[in-house]
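Enquirer: Below: one structure in structure tokens.
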Amino acid sequence: MLQVLRCYYLPLVFHHPLKLSSFITKTSSTRQTLLSTLRSLGYITLELLITPLQYGIPNSRLRYYLLAKQYPLQYSGLGGIQKDTILRHIPGQADWVDPRIDSTNINGDGLSISGNPINKLKDYLDGDVVNNEPHPHAVPEKVLQKWGRLFDIVLPSSRRTCCFTRGYTQLVERAGSILQENDNLNTTEIFDKFFQAQSEADPRALEILKPLRLRYFSPIELLRLFHFIPLGTPSVFSWPEGVSTKTKYRLIGNSVNVEVVERLIEYLFQ
């Protein structure tokens, strides 16, 4: 089986979020060189743009995937799809429209028109901290003071998060979403009050943000979002002894979602 995988099937993922848009254009010399090289070696290629949202996972990280089968193997469900078309769903599965682009694709229950549910983040979270103790992953006050305006803040009831990078908890902008545990407060209103207090040099300004209970996602929560630990299954995952929390975040960041890869591999072998 390993020999077959190596010789006849070739999956590839392109995960750089800032360079993705330029890579997938028809004028991209890198993409054209890659495709022409594979085809010259006898591979039939299939390109896709997939996000975990399509499989009900509340993470919006969009990635480019390239599948390659060596001729005479063929892909199923292609129908009349034109050559070099970059697909937004796996052939044979329901069409999918990004709800961030077309909000009519999502109804009030968080279901896409095709019927695929997008889970709420609360399904992926650890249990509450007891006795109102500070959360071990609370955002430090000095970070809130200086960088709070740059956070991508999500709620337990939210159905999306942005990409999580290996710099999560160390960097702020584009490094990953921050969780607001208090689902009952209006984030914008609270931050407006905070910024007003800051502008007036109020030494108690940070107290305004505390009721939001802003924190980072824990490493285990990220493993659930990336589907290393699927929902509804007992966790058999454990970290090697001595791995620091910082290292855990670095190892998890920029991971490919396991559910998406599983679906692609299943399709690849059809």
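Enquirer: Mind listing the long-range amide H neighbours of Ile178? Cut-off is under 5 Å, sequence gap 5 or more, other chains count too, H placed in the peptide plane at 1.01 Å from N.
Expert: Asp152, Ile153, Val154
Enquirer: Taking just the alpha-carbon atoms of the range 118-173, what radius of gyration and Dmax come out, in angstrom?
Expert: That works out to 12.9, 34 Å for Rg and Dmax.
Enquirer: What ³J(HN,Hα) values, in whole Hz, does the Karplus curve 6.51 cos²θ - 1.76 cosθ + 1.60 give for the range 200-215 when θ = phi - 60°, with x put for Gly and Pro?
Expert: Those phi angles translate into 9, 6, 6, x, 9, 4, 5, 4, 5, 7, 4, x, 5, 6, 7, 8 Hz.
Enquirer: Could you pull out every residue, at least 5 positions away or on a different chain, whose amide H is within less than 5 Å of the one on Trp239? Hs are placed 1.01 Å off N in the peptide plane, and Pro or chain starts have none.
Expert: none
Enquirer: Would you mind checking Lys69/Lys246; Lys83/Lys120; Lys83/Lys248; Lys120/Lys246 for any pair whose Cα atoms are more than 31 angstrom apart?
Expert: Checking Cα-Cα distances, Lys69/Lys246; Lys83/Lys120; Lys83/Lys248 exceed 31 Å.
Enquirer: Calculate the translational D of the range 118-270 in whole µm² s⁻¹ from Stokes-Einstein, where the hydrodynamic radius comes from the Kirkwood formula applied to all Cα pairs, the temperature is 20 °C and the viscosity 1.002 mPa s.
Expert: 126
Taken together, the values in this text are just the output of simple stated rules run on the coordinates, not laboratory data. Source: prediction; values computed, not measured.
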